[in-house]
Amino acid sequence: QVQLVESGGGLVQPGGSLRLSCAVSGSTFGINVMGWYRQAPGKERELVADITGSGDTKYADSVKGRFAISRDNAKRIVYLQMNSLKPEDTAVYYCKADLQSTSWPVWLDYWGQGTQVTVSS
């Protein structure tokens, strides 16, 4: 079965950095767009960044210049490097992948379990 496993969250001071990782496990036929979303208490889940298989990226205006998304297609891992973190970045971060498993030949969205990022002094 296909799963997305996230790691790298934690507590960091304002101005600090964190790197999130999301690894795809299980047998996949192909992986299209991968991305990161976040949800803060009382707010809607929002797109932070995504990246296509060829490396084209998209960022929310609030994180442009501070965050960088990348992927390793061979390892099936997507990363989110977060620099100059602000308290308003505090949220649960989720990764998402549009992929096709070998057991079910349709394209579906898969979600990670979420990892907490807290920016506080």
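Above 22 Å, the calculated P(r) of the chain contains 30 percent of its Cα-Cα pairs.
If only the Cβ of Lys and Arg carry +1 and only the Cβ of Asp and Glu carry -1, the dipole of the chain around its Cα centre is close to 200 debye. Toward the positive end of the charge dipole of the range 1-113, with +1 on the Cβ of Lys and Arg and -1 on the Cβ of Asp and Glu, the farthest Cα among 37, 81, 57 is that of 81.
Charge tally for residue 24 (other residues, Cβ to Cβ under 13 Å; Lys, Arg +1; Asp, Glu -1): 0.
Taking only the Cα atoms of the range 12-81, the radius of gyration and Dmax are 13.2, 40 Å.
Residue-normalised convex hull volume from the C-alpha trace of the range 66-117: 94 Å³ per residue.
Sequentially through the range 44-61, phi angles give Karplus couplings (6.51, -1.76, 1.60; θ = phi - 60°) of 6, 5, 10, 6, 9, 6, 9, 8, 7, x, 8, x, 6, 10, 9, 10, 5, 4 Hz, Gly and Pro residues having no value and appearing as x.
Taken together, the values in this text are just the output of simple stated rules run on the coordinates, not laboratory data. Please read all numbers here as calculations on a predicted model, not as lab measurements. FYI the Cβ positions are ideal-geometry reconstructions off the backbone, even for glycines, and counts take in every protein chain you see.
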